[in-house]
Structures are given as C-alpha cells and as structure tokens.
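Below is one structure, written out as structure tokens; comments come after it.
The values are calculated or read from the model by the stated rules, or taken from the named source; none is laboratory data. In this text the structure is predicted, and so the values were computed from the model without any measurement. Glycine gets a Cβ as well: all are built from the backbone with ideal geometry, and neighbour counts include every protein chain shown.
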C-alpha cells in the first residue's frame with residue numbers, strides 16, 4: 001500500500017485535533033485592473049469605482065484545517081485557489097470574514113520569490129532565510145543540509161542569475177523545506193523540477209506529514225491530490241463546491257472541468273482532431289460570424305478503446321473568463337450510442353442553423369463525455385460574434401462517414 | 001515565503017532581515033566595480049568641488065573653510081534625501097517580494113534608509129579625517145550635539161520615507177513629487193548658506209523660531225556647530241571688507257540655542273514619524289493587491 005495511505009492511518013484524522021487554520025465567511029474582491037487609478041490625474045478625473053468593475057475572487061468561503069491534516073485546494077483555473085492561499089498566508093487581506101491561523105506558518109507561493117539574481121546561492125540562502133524569519137544562527141546550522149538538498153555543490157558560490165531554472169527551483173525548495181513550521185502553505189510549486197527532484201520533494205513532504213505537521217497546497221494533479229492528501233477542497237468561482245475525501249473531490253472536479261483541462265484525460269480513450277467551422281455551402285473554413293447565419297462544425301473523432309457506455313457530446317460557446325458555457329448547441333447533450341462509435345476514426349459534424357445574437361469574443365468548445373468523465377475535448381478560440389439573448393442554438397448532430405480503423 | 005513567530009523574537013528577526021537587505025543592496029551596488037565602496041565618496045566630492053567653486057571662488061563667500069562648512073550639513077542632507085527617495089520607491093522596487101512572500105513590509109523602507117546611512121556614515125568618517133588634516137579637530141563638548149540631532153533626522157527620514165513609500169503604491173505621482181520637493185527643500189535649509197543669513201532677515205521673533213520647524217534645519221545647525229565649529233567670522237581682509245569680522249557665523253555659541261532649535265525640529269519630525277507609521281500600517285496589508 002502506498003505511503004500516503006499509511007500516513008492517513010498514522011495521522012488518524014482525529015476530528016477533535018486542534019484547529020490551526022480557521023477561515024469563516026471569507027470574501028475577497030478585486031477591482032478590475034484597467035479601472036484602477038494609479039496617477040493623480042486619473043484619480044481626479046475618475047473619483048468613484050462603480051460596482052460593475054468589481055470581481056469577487058472568493059465568496060463566503062469557510063475552511064477549517066486541524067493539526068496533522070494535509071489539505072489540497074483544487075478547482076478549475078480562476079476558481080480562487082491561489083487567492084485563498086494568499087489570504088491564509090497573510091499576503092492579501094479579505095474584504096469580509098475572518099481568518100485565524102495559529103502556529104508558525106511557512107508559505108511557499110513561488111519558488112525563489114525572494115532571490116536576488118546578483119547574489120550568490122550562499123548569500124541568497126541567508127537572505128531568503130531572513131525573509132522566512134529564521135535567525136542567522138539557525139541558518140548557519142542548516143546551511144550544509146540546504147546545499148546538500150539542493151544538489152548545487154560548488155555552484156552555491158555563483159550568482160543565481162547564472163543558474164538554470166532547475167537549479168533555481170531546487171535552491172528555493174531546499175530553503176523552504178528546511179525551516180521548521182507548524183503549517184506549510186504551498187502553491188503549485190511541486191509541479192516543477194525533474195522527476196528525481198520531485199520525488200525528493202514529495203519525500204520531504206511525507207516526512208512533514210509523519211511529524212504531524214499541517215500542509216495546505218494547491219494542485220491540479222489528481223494523482224498528487226489522491227496520494228498526498230487527507231482531504232481536498234473543491235473551489236469553483238470563489239466558492240467551496242465540495243469539501244471531503246480526495247477521491248470524491250477529484251471526481252467532482254473532473255465533472256466540472258470541461259475543456260479547460262484536457263490534459264488529464266486526453267488521448268487515452270479518444271481524440272478529437274480537425275475541429276473546424278466551415279461554410280454550409282462551400283465546405284470552406286469560415287473566419288467571421290454574423291448572428292443569424294448558419295454554418296457547419298466539423299471534427300474527426302478517433303476512438304482508441306471500445307466505449308463501455310454511450311458517449312455524450314457537448315458543443316458549447318464559452319466567453320473568456322467564464323467557466324460556464326454561455327450557449328449550447330442544443331440539446332445540451334447529444335447522446336450517441338456506443339455501438340455507433342467503434343474503435344476507429346469518425347467524421348462528425350454539427351449543423352448550426354443560426355449563430356446566437358451575442359456580441360463579443362467567444363470560443364467554441366467540444367467535449368465528449370462518458371458519464372461524468374471527459375474523454376476528449378477540443379476548442380476553437382477567437383470566435384467573434386456581432387450583437388441578444390438567444391441562449392439555445394438550434395442544431396443537429398450528424399454522424400457520417402465512419403471508417404473502421 | 002514567510003514564517004511567523006512569537007512577538008518576543010520578532011524585533012530581533014526584523015533587525016536581522018533589515019541588515020540582510022542593506023548588505024544585499026550594498027553588495028549589488030558595488031559588485032564588479034574595482035573601486036567599490038570608494039564610489040560612494042565620488043558624489044559628495046563632486047558636490048564639494050562644484051559648490052566650493054561657485055560660492056567660495058566665484059561669489060567669494062567670506063565663510064572660512066567653506067568646503068568643511070558645506071559638507072558638515074550637506075552629508076546629513078544627503079542621508080535625508082537618499083533615505084527618503086530610497087524608501088519612497090522601496091515597495092515598488094520589491095513588488096515581486098511583496099506579492100509572493102509574507103513578511104514585515106516596513107523592512108523595505110527601513111533597509112533603504114539603512115543603506116543611505118551606511119554610505120553617509122563612511123562619508124562622515126572621511127570628513128572627520130579631513131577636519132584633522134586642515135587643523136580643525138572637532139574635539140569639543142558640542143560634538144555630543146550630533147547624538148540628539150541624529151535622532152531627529154532619523155525620525156524625520158523614517159516618517160517621511162514611510163509615508164511616501166505607502167503613498168506611492170497607490171499614487172505613483174508621489175515619487176516624482178518627492179524628488180521636486182526635496183530639491184526645493186534643500187535651498188530652504190541652511191546648508192549652503194549659514195543660518196545667520198536667515199536670522200538677519202527674520203529677526204529674533206516667532207518667525208525666526210518657526211524657521212526651525214523645518215525638521216532638517218535644527219539637526220543641520222547642530223552638525224555645523226559640532227563638526228565645523230567656527231562660531232564667529234575670523235578677522236580677515238574679506239570679512240573686514242564685508243563688515244562681518246567677529247560677527248556670528250553659526251547662529252550661536254551657546255549649546256542651549258541648538259537644543260531649542262533641535263526641539264522645534266523634533267516637533268515636526270515627530271509629526272512626520274507618527275503620520276508615516278500610521279499611513280504605512282494602514283496601507284501595508286493592501287500592498288500585495290495594489291502593486
């Protein structure tokens with residue numbers, strides 16, 4: 001059995017363990033960037049910021065973490081994970097709600113964030129430790145271990161501006177893991193470095209777990225979340241959607257991910273290629289769309305493994321910065337029975353009778369699902385529609401030209 | 001990255017961080033230059049040459065040892081301007097750090113001021129050496145005036161520096177305004193001319209004392225009294241011609257005058273310090289968001 005399961009058993013997940021992090025009703029609001037006045041002139045000209053320019057990165061989030069827990073924050077891009085970490089680390093101040101963190105916190109939001117390129121690795125270790133609040137004598141005592149862990153050897157005496165990104169990352173992580181916190185807050189930094197170094201970092205984190213320390217991190221990697229965490233929290237659009245066992249959280253995450261995270265599943269079962277929009281009459285690629293006109297959406301779906309159940313197709317239009325589709329090519333789900341999609345290549349097309357009447361930039365996204373799991377996806381960006389309220393776009397799925405592979 | 005600790009050790013750790021930051025700035029500044037630290041003497045030397053030429057040679061200022069007189073106050077002013085300008089941009093210059101690492105933000109302006117202090121301290125060491133060389137050793141009880149004077153200057157520098165640092169994050173105009181204001185301010189402070197010039201015009205009344213509400217005026221006359229120490233114009237051909245022979249050059253021979261002037265400067269410096277700390281504390285939690 002894996003180390004992590006052992007770790008979970010060892011930690012016992014005592015529901016009565018001391019609460020180290022307690023966030024209640026945390027909301028964080030950002031004024032949209034282009035509306036912020038940073039010069040006196042702008043200040044004088046534009047006095048009030050209107051409500052419409054405000055974006056809520058977190059809304060009424062509750063999070064309680066007890067001693068010994070390892071909690072992952074997960075969710076689609078822009079769901080507020082990193083904002084939440086920054087609020088807990090004390091970098092951002094919430095607009096509403098309270099945050100109570102008890103114990104010594106080491107937060108690692110970006111590897112080597114405190115490094116100065118002109119200084120040598122040795123000098124940066126001391127500077128970084130001072131930033132982390134480690135007394136100099138302690139750094140002296142840890143110095144050799146840090147250099148050892150970083151595998152930098154004699155390079156430690158060279159300015160870090162000459163380091164490769166891998167060396168940079170190794171040094172940053174080495175410093176961070178050698179301080180002795182009660183709570184370790186880590187953003188997606190575990191995804192860097194070569195495999196051997198990643199393994200080393202994970203070992204170190206497992207060592208932290210064995211010491212009963214509390215870890216909070218952001219991750220997209222399902223495997224990492226499942227193997228490391230005792231609990232995972234799913235955020236979406238600044239709200240907690242689910243808080244529970246990692247496996248269940250990952251399942252829910254996969255369910256809502258849509259096309260933003262094709263990497264997780266793409267290629268194993270099926271693949272989409274040649275995703276395009278063509279003119280109904282001429283079959284040639286179309287670049288511009290006007291509301292009310294018709295077009296055909298085509299793609300090639302390659303099935304690698306026999307489908308265990310009926311596939312569901314979703315063709316929808318996304319607006320930038322929004323994780324929900326703004327329009328579906330109706331119906332929302334086009335169900336195609338598994339025996340019509342044997343292993344091989346299938347040419348698939350949609351007849352879009354009428355482009356919706358919505359002005360702005362959009363992307364067209366196609367997802368193929370088996371139950372809640374996305375098995376293939378594709379996206380066309382840079383769609384521009386001129387001027388509306390049509391929420392459902394009538395269309396028909398046509399499956400033709402199947403060739404056995 | 002950041003690590004929070006109990007309050008007891010915090011001050012010590014912050015001092016250590018400030019020391020590290022100052023060391024880093026010094027190192028980065030002089031790295032790769034053969035003359036290194038000696039370069040920090042280049043700027044005051046240039047000031048010395050230019051001003052001495054203009055005022056002592058061209059305008060024939062009757063102030064004896066004009067260069068020494070000038071440098072006694074000018075170096076202190078250099079500390080003030082370098083400290084304030086450095087502090088003003090310190091948060092912006094370290095945006096990456098502020099956005100990614102939780103730490104006590106006041107370390108940044110304080111380190112900028114410490115950086116200015118390290119360089120000016122060296123310049124003063126050279127100046128004191130020069131005093132011995134020209135035969136004006138500052139070995140007099142008034143030398144002790146530099147201690148309270150330094151306290152006032154540091155309070156004014158920290159106060160104004162932190163105020164401007166916090167304000168610049170939200171309003172970038174501040175840094176440019178600070179530059180212009182400091183330039184004008186220098187000419188309102190008795191650095192290039194002796195304070196007695198001002199006294200002659202303002203008389204002995206309230207206006208005269210109001211002049212010392214300039215938080216730099218008091219400390220600078222103290223430094224001139226302590227280091228330069230030529231209280232009266234000597235009896236020379238030039239001073240006889242201008243009728244200044246035997247007249248006061250520095251505002252007074254009496255230590256109590258300097259302490260009073262310093263007291264007035266201290267009032268403004270304290271206001272600066274309180275305003276600076278207040279604004280910085282109020283704003284620092286939002287720095288990461290506003291950068």
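A few points about this structure:
- Residue check, residue A:111 assigned to a helix (DSSP H, G or I) and either within 22 Å of residue B:10 (Cα to Cα) or more than 7 Å from every other protein chain (Cβ to nearest Cβ) (or both): no
- Unmet criterion (only one of (1) in the same structural domain as residue A:21 (by TED's automatic domain parsing); (2) touching a helix residue (DSSP H, G or I) at 6+ places or on another chain (Cβ under 7 Å)) for residue A:133: (1)
- Among the residues listed as B:112, B:121, the single one being surrounded by 22 or more Cβ atoms within 10 Å (Cβ to Cβ) and away from chain A (no Cβ under 14 Å): B:112
- Residue that is surrounded by the most Cβ atoms within 10 Å (Cβ to Cβ) [pool: residues in the range A:31-85 that are modelled with pLDDT under 85 and assigned to a strand (DSSP E or B)]: A:31
- Residues located in the range B:276-291, provided they are loosely packed, with under 15 Cβ neighbours inside 10 Å and either more than 14 Å from chain A (Cβ to nearest Cβ) or under 24 Å from residue B:217 (Cβ atoms) (or both): B:278
- Per this entry, residue B:179 is counted among residues that are within 15 Å of the chain's Cα centre (by Cα) and at pLDDT below 95.
- Selection within the range A:138-176: residues that are assigned to a helix (DSSP H, G or I) and within 10 Å of chain B (Cβ to nearest Cβ). The member of this set that is nearest to residue A:89 (Cα to Cα) is A:176.
- Subset of the range B:1-22 (residues that are more than 8 Å from every other protein chain (Cβ to nearest Cβ), outside any helix (DSSP H, G or I) and either buried (at least 20 other Cβ atoms within 10 Å of the Cβ) or modelled with pLDDT of 80 or more (or both)): none
- Of the helices (runs of 4 or more DSSP H) contained entirely in the range B:23-107, those carrying at least 1 residues that are surrounded by fewer than 16 Cβ atoms within 10 Å (Cβ to Cβ) and more than 14 Å from chain A (Cβ to nearest Cβ) fall at B:42-51.
- The set of residues in the range A:263-273 being at pLDDT 75 or above and surrounded by 13 or more Cβ atoms within 10 Å (Cβ to Cβ) consists of A:269, A:270, A:271, A:272.
- From the options A:87, A:61, residue that is more than 14 Å from chain B (Cβ to nearest Cβ), closer than 30 Å to residue A:252 by Cα and touching a strand residue (DSSP E or B) at 6+ places or on another chain (Cβ under 7 Å): A:61
- Which numbered condition residue A:103 misses (of (1) assigned to a loop (DSSP other than H, G, I, E, B); (2) touching a helix residue (DSSP H, G or I) at 6+ places or on another chain (Cβ under 9 Å); (3) within 9 Å of another protein chain (Cβ to nearest Cβ)): (2)
- Scanning the range A:116-137 for residues that are facing another protein chain (nearest Cβ under 7 Å) and outside any helix (DSSP H, G or I) yields A:116, A:118, A:119, A:133, A:134, A:135.
- The conditions of being modelled with pLDDT of 75 or more and under 25 Å from residue A:291 (Cβ atoms) are not met by residue A:341.
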